[in-house]
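Report on the structure given below.
The values are calculated or read from the model by the stated rules, or taken from the named source; none is laboratory data. These numbers come from a predicted model, not from an experiment. Neighbour counts run over all protein chains shown; Cβ positions are idealised from the backbone, glycine included. Ligands, DNA and RNA are stripped out before the accessible areas are found, and what is left, the full protein with its side chains, is counted by its heavy atoms. Shrake-Rupley method; radii C 1.70, N 1.55, O 1.52, S 1.80 Å.
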Amino acid sequence: IQIGAMIEIPSAAVMADAIAAEVNFLSIGTNDLVQYTMAVDRINERVANCYQPANPAVIRLMKMTVDAAHRNDIWAGVCGEVAGDLLLTPLMVGMEVDELSVGVNQLLPIRRAVSRLDTKKCRELVDAVLQCSQTFEVEALCSEMARAAYPELLK
C-alpha cells in the first residue's frame, strides 16, 4: 500500500522535501492550494475574481512540490481544477508532473493536449513563467503555447 500526502496549503508546499521523505507520493490539491495561497474563498462571489490558479505564487509552490517529490524519488500528481485546465496543461508537462487527476469529461481533451505538447518547450515555458510577477503574464504565456499546440480543444 502506498502512502501519500496531499499538498493543499502553502506551508505544506514549503515543507514538501521533509514530507516527501516520509511518503510514496505527493498530490497537489490545487483547489485548496490556490484558495489558501490567495487568501480567498472561491465560492464567495464578492471575492471569487481573486481566485487565481495561474498566480505566480501558486505556480512556484506547485513547482517546489514537484521538484521535492522528484528529489526524493517519488511521483507527484496534481488534482483539482488546475489538473483539467487546458490552458495550464503546458505548465504541468513542463513541471514534469507525473499524474493529472481529472474528471471523466476532461480525460480525453487533457490526454490529447499532453500528446501534442513538446516537453522541451514546456520546460522553457516553466522557466519563463517562474520569472513572471503577474497572473496575466502567466496566463498569456500559457495561452500562447496551448493555442499553438491544440487550438481545436480551446473554446
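Here are 71, 60: which of them is among the basic types (Lys, Arg), under 29 Å from residue 144 (Cβ atoms) and at pLDDT 95 or above?
60
May I ask you to list the residues in the range 39-57 that are modelled with pLDDT under 95 and of a type in the set (Gly, Ala, Ser)?
Once the filter is applied, which keeps residues that are modelled with pLDDT under 95 and of a type in the set (Gly, Ala, Ser), the range 39-57 yields 39, 48.
So that you can scan it fast, the table gives a plain yes or no per residue for (1) at pLDDT 95 or above; (2) open to solvent by 30 Å² or more (accessible area, probe 1.4 Å); (3) more than 19 Å from residue 64 (Cβ to Cβ); (4) in contact with a strand residue (DSSP E or B) (Cβ under 9 Å, 6 or more places away or on another chain):
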site	(1), (2), (3), (4)
99	yes, yes, no, yes
108	yes, yes, yes, no
115	yes, yes, yes, no
128	yes, yes, no, no
139	yes, yes, yes, no
145	yes, yes, yes, no
149	yes, no, yes, no
153	yes, yes, yes, no
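Inside the range 1-39, can you point out the residues that are of a type in the set (Ser, Thr, Tyr), in contact with a helix residue (DSSP H, G or I) (Cβ under 8 Å, 6 or more places away or on another chain) and open to solvent by 30 Å² or more (accessible area, probe 1.4 Å)?
Matches in the range 1-39: 36, 37.
Against the definition (closer than 14 Å to residue 63 by Cα and within 15 Å of the chain's Cα centre (by Cα)), how does residue 100 come out, yes or no?
Answer is no for this residue.
For a quick check of your reading of the model, give me the residue pairs whose first member lies in the range 102-122 and is in a helix (DSSP H, G or I), whose second is of a type in the set (Ser, Thr, Tyr) and surrounded by 12 or more Cβ atoms within 10 Å (Cβ to Cβ), with beta-carbon atoms closer than 7 Å and at least 6 apart or on different chains.
110/89; 112/150; 113/89; 113/150; 114/89; 116/150
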